[in-house]
Amino acid sequence: MPLRDINDLERLKKINAALVSRVERSMDQQGNAFSLFQTAISLENRVRNRTEELHATLRRLEQSNIDLSEAKENAELANLSKTRFLAAASHDVLQPLNAAHLSVSALAEVQASEEGRKLVRQVERSLETMEDLLRTLLDISKLDAGVVQPEVVDVSLEALFSSLRSDFLPEAEKKSLSLKFRPVNVVVRSDRTLLRRILQNILSNALRYTRSGGVLVGTRHRGDIIRIDVADTGCGIPEDQREAVFEEFHRGTSTLNNAELAGGLGLGLAIVRRMAAALGHPITFSSKVGRGTIFHIDVPVGMATAEPAMAAADMERPRGYGLFGTRVLLVENDMEVLSAMTSLLERWQCLVRAATSTDDALDLLGDTAWVPDIIIADQHLDGGDLGTSTIAEVRDYLGRPVPALIVTADGSEIVAKAARAAGIELMRKPLKPAQLRALLAHLLA
């Protein structure tokens with residue numbers, strides 16, 4: 001119907017309202033479509049941006065991994081260089097010190113005057129202090145570099161205590177102090193050498209800082225842990241020094257005079273903490289000023305059955321010092337050490353033949369009338385020869401297991417294992433002549 005034919009106003013209004021409503025719905029639909037279109041574009045842009053950010057992050061992560069890999073490789077090379085340096089430093093620094101020890105000991109043998117003997121003792125004490133300092137600094141460097149790998153085995157505490165008692169009893173008696181070790185038939189899991197060094201350093205400190213009373217070493221069983229206690233009646237550690245005592249070159253303040261504290265380097269507890277950390281043995285202490293200190297070391301219980309300590313104690317006591325006429329095959333490539341060692345052995349009335357390599361040593365055996373009673377060899381010889389191999393070849397040539405001793409400045413566990421496997425005794429340079437003489441007497445007994 002044409003609009004001009006519509007006369008009803010109300011009807012016209014309804015038609016108009018319907019048309020407006022239709023137009024509005026159409027506009028809403030178009031608006032929603034446009035809105036959805038805009039939203040889609042926005043989402044697409046956000047996805048693109050996030051994808052680009054993710055790619056950038058992945059590229060940075062890849063570069064970081066490359067950088068980390070290079071840094072790790074450089075660190076490993078640096079660590080290897082440090083390991084080699086420490087090994088070289090141990091050998092090169094301790095070699096001349098060893099020669100000095102041997103020369104001074106030989107010099108002491110020919111001193112007729114009391115003044116001469118006094119001067120020799122002063123030089124010996126200075127050399128021992130220098131040796132202790134160098135060894136401790138090298139040990140700390142090795143522990144910090146992570147190149148010390150503990151060899152965890154079953155360790156008899158009774159045998160260890162017996163050995164420590166024989167070492168420290170003369171020092172305690174000199175100061176009129178008591179030194180007691182409670183008997184303990186137990187085995188722990190630890191590195192025998194490192195655990196001994198920990199207890200050595202603690203005992204040394206305990207005796208140094210104790211004026212009266214004494215030191216007691218005992219154990220307590222705590223489940224699968226053995227707690228080793230080292231208690232002293234010394235001056236104690238003040239509250240404000242409880243952390244400082246583990247720092248390098250820290251020497252605690254006390255009422256003791258300088259003479260009583262002489263010889264302390266302030267490194268004992270610093271290396272104790274590092275060794276205990278390397279072994280995973282928690283170490284703590286309790287202390288009261290003026291009353292004393294108790295150090296606690298927690299060590300896992302071992303798996304083997306404890307052995308009697310008598311065999312170990314017997315090893316500590318030489319049966320005699322009779323070296324007269326002993327035939328010694330000495331294999332050493334450092335001329336100063338060779339000369340000093342020869343002089344010392346000859347002062348002990350030994351008959352010495354010296355070589356610098358395996359071939360030299362075998363050439364000396366061509367004289368069938370001369371057969372060595374004992375072999376003393378450095379580990380690192382001329383031409384890349386190893387002392388352990390030299391001893392093996394000499395034994396094979398002679399057809400019998402001649403007693404032998406490796407004397408080396410190489411403190412690595414590799415050398416120690418090789419010596420143990422071949423049944424060869426091992427001593428570290430610098431040598432203490434009295435210990436060398438006692439060990440030779442024991443091997444020849």
For this session: Once you have the Cα-Cα distance between Arg60 and Glu151, take 0.36 nm times their residue separation minus that, and quote the gain in nm to one decimal.
Result: 28.5 nm
For this session: Output ³J(HN,Hα) for region 372-386: one whole-Hz value per residue in order, computed from phi by the Karplus curve 6.51 cos²θ - 1.76 cosθ + 1.60 with θ = phi - 60°, and x for Gly and Pro.
Result: x, 7, 7, 10, 10, 9, 6, 7, 9, 10, 5, x, x, 5, 10
For this session: Highest first, please rank the peptides 112-121, 399-408 by the mean number of other Cβ atoms sitting within 10 Å of their residues.
Result: 399-408, 112-121
Exercise. Tell me, Kirkwood radius of region 330-400 from alpha-carbon pair distances, in Å?
Worked result: 12.3
For this session: Please give, to one decimal in nm, the separation of the simple spin-label points placed at Leu169 and Ala434, each 7 Å out from Cα toward the Cβ.
Result: 1.5
Exercise. Projected area of region 154-228, taken from the Cα convex hull and averaged over every viewing direction, in nm²?
Worked result: 4.8
Exercise. Too long at a 27 Å Cα-Cα cut-off: which of Lys142/Lys174; Lys142/Lys288; Lys118/Lys175?
Worked result: Lys142/Lys174; Lys142/Lys288
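Just so you know, all these numbers are worked out from the coordinates, no wet-lab data involved. What you are looking at is a predicted structure, and each value in this text was computed from that prediction instead of being measured. Here Cβ is always computed from backbone atoms with ideal geometry, including for glycine, and neighbour counts include all displayed protein chains.
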